[in-house]
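Input: a single structure, listed below in structure tokens.
The numbers here are math on the coordinates, done by the rules we state, and not lab data. Since the model is a prediction, treat every value here as computed from it, not as a measurement. Ideal geometry is used to build each Cβ from the backbone, glycine not excepted, and the neighbour counts take in all protein chains shown.
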Amino acid sequence: MATHTAPSMCRNCLAYCPILVTVEDGRAIKVTGDPEAPAFDGYTCPKGRALPAQHNDPQRLLQCLKRGDGDAFDVVDSAAAMDQVAATVRRILAAHGPRSIAMYSGTGPVSHPAGAPIARAFFRAIQSRMTFSAASIDKPAEYTSVAMHGNWHAGLQTFETSDTWMIVGANPVIAKSNGAPLNNPGVRLKQATERGMKMIVIDPRRTETAKRAHVHLQPRPGQDPVLLAGIIHILIDEGLYDAGFVRANAEGFEALKASVAGCTPAFVAQRADVPQDRLLEAARTFGRGRRGGVVCSTGPSFSTHSNLSYYLALCLNTLCGRWAREGEPAPFPNVLLPAFTPRAQPYAPYPVASDRPMRVHGLMENASGVPTAALADEILLDGEGQVKVLFCLGGNPVLSWPDQAKTEAALRKLELLVVFDYKMTATAQFAHYVIPPPLSLEVPGTSQKVESLKYSGVSRGYAIPWAQYTPAVVPVPPGSDLIDDGAFIFGLAQRMGLQLDWVNARGQGPNTEGPARTMPLDMSRTPDNDELIALACTDSRIALEEVKAHPHGHVYDIDVRVQPREPGHTAMLQLGNPMMMDELAALQADGAEPAADPALPFQLVCRRANNTMNSVGQTLPALGGGKVHAPACMHSRDLAALGLKDGDLVTVRSRCGHMLARIEADDNLRQGVVSVVHGFGAPISIGTADPERSLGSVTRLLDMDERDPISGIPRMSAVPVSVQAAAHAA
């Protein structure tokens, strides 16, 4: 029996932790953190350690499938599947035009980052802009807020050099990729507080991160923008802001000051239901600090007024001058991205929406992309421009888009649905073709995708010059017919006579570090993953071959300093965006007591779990501990008042739908809150042999009637609900 250990990296989430994989006779049997990998301290989470279970899962698909009669599927050769899909796409494209062909990219490309650029190249070649992604339904305000506020060329001050830090609706100890350094965030938070950092956490739950906070504000769900406006009010009122930085780099200060004038400590304390003294302590702690930053995540993103929350967080960073200054080390030094010169100067705001409208809900393509929340309606609405073909790359719309019943109806109406996934997911059950790719340990990869996170948020990615390359460490299973998303779509392009171009973009919107580099692909043969990795790393600061020479990864000796403002640079950050100031005024007009529906007395909020990544990992016994559902968590006093106990089956009902769930006590929640992990459940119209798998499906509680006017993201957290024992529910 041949056994060896190989260094690699976990690609379940965007931490990309270095790992050691024990391989026995070509099969991964164990994963641990890599103690030889600098900067990660040998860390990996339960999801990473479960990679062998994922790769060896008996339910894993090893052959391509084609829908037969009814809900049955037949095995189809991957080459034949490409022939058939290409013929259908060619026919529909000719009859209905480019807008009839769409793509949805979920979080699967985290594990297979080379597939998405090939897919985008395919859509450029057929001249379709209908490329939807999780970005516009997860944290779209990351993009829209920057468009309205502008950005700082050199980036936010680093976590490692800060003495204050504010985290809004994030739990980096569990979620890894936002709010704190992702290289072992639990340890980094512990080190930061031990050196004296004062952390402020805003969250309705006393999360694993909040337990480390100097101040934890536990507000009513959905009150993040009012709370942030109140903190801004205190900073301005008490002079705890950097007036010199604001004068030199921002405009709109007087408009912001006037807009937050009504957000007094007393008003905000009552509106958000937080102690006034703790609110003042949070504001003064942040304002009196020398360095720090404010970051937001899915908590405020899923709630109403997400653009305003993210925008006000950016305003806080600007008011206190929390951007990297001249002479300081660059916060995100590129390694596998091209070298760049960071400058202590603003990027100007830019248009938040395009002139390319959707056919539904009055939405447009915007800074966060094409609005995914509109896609089901774009499929269901007959007429010119109707979406008839959908490629789903590593996503699970049935469990992630709002209004599960509508999503299922939309998927059934498609003339062609091609799902790329390694299991028969809730969405794959509606597909015409299911194409299984190799899994992460079976393909090479680099850490470049994590570096590129700097383009999608103010404090994401590696703040150290770290890079790693991994080859495939196990072969694909014998006798399998697995094919990468990118290779399959490249095969479609070959059959349709298309020329694809690889594009290395360097930035978001007009805020770029240089022009995109476009490279025509040789269409005579399918490039392998290593060739695509080499293309992605073209012009990297450190050569890919040098990175390959360090199989455990490496921290490079790169000293990139922030350069001074360019002479004649006139761009300014915007503190008083009219749309955002109007939205803040409307919130204040609602009064200090937010309206409540007595029939829906609780508020449902989202949470992250350490053993799942969205809808991945839910069916693995190694992770689930026997559970295949997401419990609805509530404070024990709320359970007692309802006459409920742990494990009881309940009906959680919103204005527009209901779900069944198992209840669980969690005294880290404030009373009046129900907390559920998104991404669980089963199809409504197909059902499941195991009824427990259908529990906790949050998308059944959501619809598009209450949505963001820019990105279209609906209210997916702070949702008013009722909770009743299922036996007594209507």
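For T518 and L649, compute 0.36 nm times the residue count separating them, minus their Cα-Cα distance, and round to one decimal in nm.
On the way: separation 131, 0.36 × 131 = 47.16 nm, distance 5.49 nm.
Here the answer is 41.7 nm.
Which lysines does K198 reach when only Cα atoms under 19 Å apart count, and residues fewer than 8 places away in its own chain are ignored? Straight-distance partners of K198: K190, K211.
Inter-label distance, E24 to Q563: 5.6 nm, where each label sits 7 Å from its Cα along the C-beta direction.
Where a Cα-Cα gap under 13 Å defines reach, which aspartates and glutamates qualify for K548, not counting those fewer than 8 residues away within the same chain? Those aspartates and glutamates meeting the cut-off are D530. Treating each Cα of the stretch 596-728 as an identical point scatterer and summing with the Debye formula, the log10 of I(q)/I(0) at q = 0.19, 0.20 Å⁻¹ comes to -1.13, -1.24. Of all lysines in the structure, the ones whose alpha carbon falls short of 21 Å from that of K627, not counting any fewer than 8 places away in one chain, are K47, K423, K645. Both numbers refer to the Cα atoms of the stretch 1-56; Rg and Dmax are 10.8, 34 Å. Taking amide H as placed 1.01 Å from N in the peptide plane, the amide H of L669 sits under 5 Å from that of R206, each at least 5 places away or on another chain.
For the peptides 205-214, 446-455, 645-654, the ranking by packing is 446-455, 205-214, 645-654, with the highest mean count of neighbouring Cβ atoms within 10 Å listed first. Each Lys and Arg Cβ is given +1 and each Asp and Glu Cβ -1; about its Cα centre, the chain then shows a dipole of about 580 debye.
Exactly which GluC sites (Glu not before Pro) in the stretch 302-380 are in a DSSP loop and have at most 15 other Cβ atoms within 10 Å? Please list the in-between numbers first.
Details: sites: E326, E365, E378; in loops: E326.
Answer by residue number: E326.
Remind me, relative contact order of the stretch 596-728 in percent, using alpha carbon pairs under 8 angstrom and six or more residues apart? Display every interim value, and only then the final one.
Working: 273 pairs, mean separation 46.9, N = 133.
RCO, the stretch 596-728: 35 percent.
Which chymotrypsin sites (Phe, Trp or Tyr not before Pro) in the stretch 473-561 pass both tests, a DSSP loop state and at most 16 other beta-carbon atoms within 10 Å?
Values: sites: F488, F490, W502, Y556; in loops: Y556.
The qualifying sites are Y556.
Given the options Q54, P38, P18, identify the residue whose Cα lies farthest towards the positive end of the charge dipole of the stretch 1-56 (+1 on Cβ of Lys, Arg; -1 on Cβ of Asp, Glu). Of the options given, the answer is Q54. Here the simple spin-label model places points 7 Å from the Cα toward Cβ, and for Q671 and E593 these points are separated by 1.7 nm.
Diagonalise the Cα gyration tensor of the stretch 356-435 and give the resulting equivalent ellipsoid semi-axes, square root of 5 times each eigenvalue, largest first, whole Å. Show your work: numbers first, answer last.
Details: eigenvalues 92, 37, 26 Å².
After diagonalising the Cα gyration tensor, the semi-axes are 21, 14, 11 Å.
Contact order, relative form, for the stretch 1-56: 28 percent (alpha carbon pairs under 8 Å, 6 or more residues apart, mean separation divided by residue count). Annotation: amide H of S105 within the under-5 Å range of F132, S133, A134, L393, sequence separation 5 or more or interchain, hydrogens built in the peptide plane. Relative to the current alpha-carbon distance between H214 and D77, full extension at 0.36 nm per residue lengthens the span by 43.5 nm. Averaging the sequence gap over all C-alpha pairs within less than 8 Å and six or more residues apart, then dividing by the number of residues, gives the chain a relative contact order of 20 percent. Per-residue Cβ neighbour counts within 10 Å put L20, L336 in the sequence L20, L336, beginning with the fewest.
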